[in-house]
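Before any comments, here is the structure.
Only the coordinates and a few stated rules stand behind these numbers; no lab work does. Keep in mind it's a predicted model, so treat the numbers as computed, not measured.
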Amino acid sequence: MLQNFLLRIEKTITQPEELSTAAKMAALLLAFLAPLQGVVGVMMFFLMADTLSAIYLRYRKVKNRKVRSPEDSNMQHKIKCASLFWKIVDPSKLEKTVEKIFAYPTIALVCFVFDVAVLKIDPSAGGFIGRLSFTNMAFAFICVTDFKSFLRNMGKATGNSLYETLENHFITKFKKK
């Protein structure tokens, strides 16, 4: 990977077009971070799946809300809907999700820099998960945690034991790997 990075640096610096120093530095930074795009994208996918399943679970718990009565005005109905929305979307849990949106890429970046700069290994070379690196371990643990949470939320929301079975089977498979 370091060789690929050096080739990208050379192409960026020696481009015939006139680029500002800031543009060249930004291009170099993006070239260095390019291998992380897939990792961060997959982590965000699992985070969003977990978040949506938690919202659905909360909706199922609050579902037994009052039905709109005929004497409710349109404004009263809108107030009830807004109240219902904040019952379903808990601001404290939404805050944790926003924290994760920033924390997951930061964790991946720090692990990636550690792997490349300190351990001198390329986490993106060859079989991604098969290679032992901090980036790959952090990636795997974050995705596994969010996937397990997704399965648990959906199992509780639907009352279907299939999700629990899938979670147990998944945990067994992950421990073997």
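Worth pointing out:
- Compared with the alpha-carbon gap, the fully stretched path from THR106 to GLU164 is longer by 17.8 nm at 0.36 nm per residue.
- Taking each of LYS96/LYS156; LYS61/LYS177; LYS100/LYS148; LYS24/LYS100; LYS93/LYS148 in turn, the alpha-carbon distance tops 26 angstrom for LYS61/LYS177; LYS24/LYS100.
- ³J(HN,Hα) computed for each position of segment 164-177 - Karplus, 6.51 cos²θ - 1.76 cosθ + 1.60, integer Hz, glycine/proline x: 5, 4, 4, 4, 5, 5, 5, 4, 4, 4, 5, 5, 5, 6
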